[in-house]
Amino acid sequence: MMAQGSMAPFLGAVPYGMDGVGIALVIGLLVVCLGIHEAAHAWVAYKCGDSTAKDLGRITVNPIVHIDPVLTIIVPLMLYLSPTGFLFGGAKPVPVNYHRLRSPLRDMMLVALAGPVSNFLLAALFALALRVVGEFGLYEPDQMMGVILRQAVLLNLSLAAFNMLPIPPLDGSRVMAWILPESLRPGFVAIERFGLLLVLGAILLPGVRDVTTNIIMSSINAMAEFIYWFLDPVLALLHTLVGIVA
């Protein structure tokens, strides 16, 4: 049995000066996005032949089902109350029975990809909403709606970028295991036993943290550029349709 879960460092996830309502909305949004990430893992696993997560009720967008008491609540709360200025958290991992998958190595890669892809699609959806809000003057950019939508885009791109790092047990490690030649695969898979330590080292150790941050930010920028490049013709089409209706 293997587990597929989402983790993310949340640096700057809550803008400075945001009031209590805004902070609550951002945290709630984060939990929902983590839940959708996990549900995507569960759904693809089911489609690939393993019903373990489905039987446990994990194919749902209900965030409560995906909450892990330690990763989702205790760890982020302790870090929030600490002077580190750093937040880290995750959701309850989705159980996947490797041997029930039709093509285990390939399907495990597909199950892993499902989470980050879901966050990328959510980022695109929130970015579209943000552009529509701005283009049609429904809200001012500095009002709560605009701020929350921008954070929704950033959170989802951060989740996608971080979880695609090829560090066990992050989603990117499953993709890396599929890519590696068979001679190197067992050694790479074996380091998963130290997974949490590796992840924490990548985001906390001086020097290593800088490299990790640069990789994540480069990935976020690349995804954001693609999304906004794609949205330009979509917004142009919406303007045309609104003009015709008006």
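The values are calculated or read from the model by the stated rules, or taken from the named source; none is laboratory data. Just so it is clear, the structure is predicted and the values come from calculations on it, not from any experiment. Note that we place each Cβ from the backbone using ideal geometry, even for glycine, and neighbour counts take in every protein chain shown.
Assorted remarks:
- Here segment 120-164 is the region considered, the condition is being of a type outside the set (A, V, I, L, M) and touching a strand residue (DSSP E or B) at 6+ places or on another chain (Cβ under 9 Å), and the residue that is nearest to Val44 (Cα to Cα) is Asn163.
- Considering residues of segment 131-173 that are in a loop (DSSP other than H, G, I, E, B) and within 16 Å of the chain's Cα centre (by Cα) only, the residue surrounded by the most Cβ atoms within 10 Å (Cβ to Cβ): Leu170
- Options Met223, Met164, Met176; residue that is of a type in the set (A, V, I, L, M) and over 26 Å from Ile27 (Cα atoms): Met176
- Flag if Ile220 is among the β-branched types (Val, Ile, Thr), modelled with pLDDT under 90 and over 25 Å from Leu105 (Cβ atoms): no
- Unique match (being farther than 18 Å from Ala127 by Cα, assigned to a helix (DSSP H, G or I) and touching a Phe, Trp or Tyr at 6+ places or on another chain (Cβ under 9 Å)) among Ile227, Ile191, Ile216: Ile216
- Here Leu235 fits the description: surrounded by 12 or more Cβ atoms within 10 Å (Cβ to Cβ), touching a residue at least 40 places away in the same chain (Cβ under 8 Å) and assigned to a helix (DSSP H, G or I).
- Filtered by the rule that a residue be more than 10 Å from Ala129 (Cα to Cα) and modelled with pLDDT of 85 or more, segment 139-152 gives Ile148, Gln151, Ala152.
- For Leu101, the conditions (1) farther than 30 Å from Leu238 by Cα; (2) of a type outside the set (Val, Ile, Thr); (3) out of contact with any helix residue (DSSP H, G or I) (no Cβ under 8 Å at 6 or more places or on another chain) are fulfilled apart from (3).
- Residue within segment 4-24 that is touching a His at 6+ places or on another chain (Cβ under 7 Å), modelled with pLDDT of 90 or more and outside any helix (DSSP H, G or I) present: no
- Just one of (1) at pLDDT below 90; (2) surrounded by 15 or more Cβ atoms within 10 Å (Cβ to Cβ) fails for Pro206. It is (2).
- Scanning segment 44-58 for residues that are touching a residue at least 24 places away in the same chain (Cβ under 8 Å) and in a helix (DSSP H, G or I) returns Val44, Ala45, Thr52, Ala53.
- So Ser173, is it touching an Asp or Glu at 6+ places or on another chain (Cβ under 9 Å), within 30 Å of Ser103 (Cβ to Cβ) and among the small types (Gly, Ala, Ser): yes
- Index of the failed condition, Ile244 passing every other in (1) closer than 27 Å to Val94 by Cβ; (2) at pLDDT below 90; (3) of a type outside the set (S, T, N, Q): (1)
Yes/no matrix, rows are residues, columns are (1) surrounded by fewer than 17 Cβ atoms within 10 Å (Cβ to Cβ); (2) touching a Cys at 6+ places or on another chain (Cβ under 7 Å); (3) modelled with pLDDT under 90:
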{"residue": "His37", "(1), (2), (3)": "no, no, no"}
{"residue": "Ala45", "(1), (2), (3)": "no, no, no"}
{"residue": "Gly49", "(1), (2), (3)": "yes, no, no"}
{"residue": "Val61", "(1), (2), (3)": "yes, no, yes"}
{"residue": "Val65", "(1), (2), (3)": "no, no, no"}
{"residue": "Pro69", "(1), (2), (3)": "yes, no, yes"}
{"residue": "Pro83", "(1), (2), (3)": "yes, no, yes"}
{"residue": "Leu87", "(1), (2), (3)": "no, no, yes"}
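- Leu180 being at pLDDT 90 or above, surrounded by fewer than 21 Cβ atoms within 10 Å (Cβ to Cβ), farther than 21 Å from Ser219 by Cα and in contact with a helix residue (DSSP H, G or I) (Cβ under 9 Å, 6 or more places away or on another chain): yes
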